[in-house]
Each structure stands twice: as structure tokens, then as C-alpha cells.
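The values are calculated or read from the model by the stated rules, or taken from the named source; none is laboratory data. The model shown is predicted, which means the values in this text are computed figures rather than measured ones. With ideal geometry, Cβ positions are generated from the backbone for all residues, glycine too; neighbour counts draw on all protein chains shown. These area figures cover heavy atoms from the full protein model, side chains too; ligands, DNA and RNA do not enter into them. Shrake-Rupley method; radii C 1.70, N 1.55, O 1.52, S 1.80 Å.
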Amino acid sequence: HSCGLFVLIKEMHLSRRETPFTLCPPEEAVEPLRQFLPHVYCAPELLNFPLTLSPIRPGALVWDDGNLSLTAHRNSHLWFGPSGARDNGAHSFSFVAHAEGRRIVWTGDVPHTFDELGPLLQDPTDLLLSELTHMDPDPYFEFLSQFDIGTVLFHHVYEQHFDDFNDLEPMLARANARLTGRVHIAHDGYRLVL
């Protein structure tokens, strides 16, 4: 989901940003983005700051500044269309980050079998950031219970998983009954300290 990307770039320009900005899209999106930026008044040569497009490649290091390293792992969220046919050309990723001695796994949309997430969780994980929309939560909690995860932060939560979307306690109770680490559900303005 990249609807706000061009507004973000434009707002950074309008606020007189000068610090370089590196945008890391999937490899197949680099050239289309480069061609499209001038059409939304975000051509790199017109911006106040250097804009770099750096492609994400599966299994490759996306970022490493000495404080934070981030590695991309291709996931299957965009591999299959609604008809079940293989969707060629569009890629999505999960990420493993290391920062300040912590290991963090982030995944956007998880496939129904959860299998591809397993290899990313084989090593002890301080924080798992995971969506909670595209699967049945209870089997997912059961799957996650086999891994050493200190804290799970669920985001992108589908309201049909709740009797009352304003009452998250039953969902949290079911998750906490299966998972040994702390479980949280993100909301606007949510802050988590590890």
C-alpha cells in the first residue's frame, strides 16, 4: 500500500527537508517509480533533498548503518491473485531487523499456512510485528507458540475477529493463553518499549 508515498515526498520537500532520503521499493518498482515521480511533481532534481531509489532484493541486506540492519525475505502475499492464478511481477516482503542487540521480525500479510514465517522465527526473536487480518487468529496463535518470541505486536487487525472492536480483551486473552511472550495490539499513537 503506497497511496501516501507521493504526498510524503512532497511534504518533505515543502517542509524544506535537506537530509537525504532513501526509498526502498521492490526491485520491479524502481523504474516505474522513477518514471512516475515527475508526473506528481516529485522529480528528484526538483526536490530540496537527495532522493535515492534503492531496490529491495530477496534475501539481501536492505539497510545497514551500523545501528540498524534490515534484511528482506520475500513472502507470498502477492504471488497469487483472487482466482488462485500465479501473479507474476509483484513482490512483497517480510523483514528481519537487528538493532541495539535486539532481533525484530516484521511481516505484513501472512499466508494462511504461516509456513514461510517459520524460518524467520527460528532464532530467538525480541519482537514480532505481525498483521492480524488475513488469517484465523487462533491457529495463528498456536503456530506462533512454538517459537521463542519475547513480544508480539499485532497490527492491521480485522474487526470481524472481534465481537466488539472496541473490546480487545477477549482476543488478547486467547493470544496470551497460547503465547509465552507479551502480546499487544497496536492502535493510533501506540508506543511500545522493549
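Annotations
- The stretch between PHE21 and GLU116 holds 31.1 nm of extra length on full extension. This uses 0.36 nm per residue minus the Cα-Cα distance.
- For the chain, the longest site-free run once GluC sites (Glu not before Pro) in DSSP loop states with at most 14 other Cβ atoms within 10 Å are removed: 101-194
- 3J(HN,Hα) along region 46-57, derived from phi through the Karplus expression 6.51 cos²θ - 1.76 cosθ + 1.60 where θ = phi - 60°, amounts to 9, 7, 6, 10, x, 10, 10, 9, 10, x, 8, 10 Hz, with x in place of Gly and Pro.
- Protein-only accessible surface at a 1.4 angstrom probe places the residues LEU179, LEU68 in the order LEU68, LEU179, largest first.
- Put simply, the amide H of ASN75, placed in the peptide plane, has neighbours under 5 Å in SER92, PHE93, SER94, leaving out anything fewer than 5 places away on its chain.
- Relative frequency of Cα-Cα separations exceeding 18 Å in region 18-71, percent: 40
- Here volume of the Cα convex hull per residue in Å³ was computed from the coordinates, and among (i) 168; (ii) 143; (iii) 154 the match is (iii).
- Cα-centre dipole for the chain with unit charges at Cβ (Lys and Arg positive, Asp and Glu negative), debye to 20: 540
- The portion of the accessible surface of the chain made up by carbon and sulfur, rounded to a whole percent, is 53 (1.4 Å probe; DNA, RNA and ligands excluded).
- Checking every one of the chymotrypsin sites (Phe, Trp or Tyr not before Pro) in region 5-70 against DSSP loop status and a limit of 15 other Cβ atoms within 10 Å picks out TYR41.
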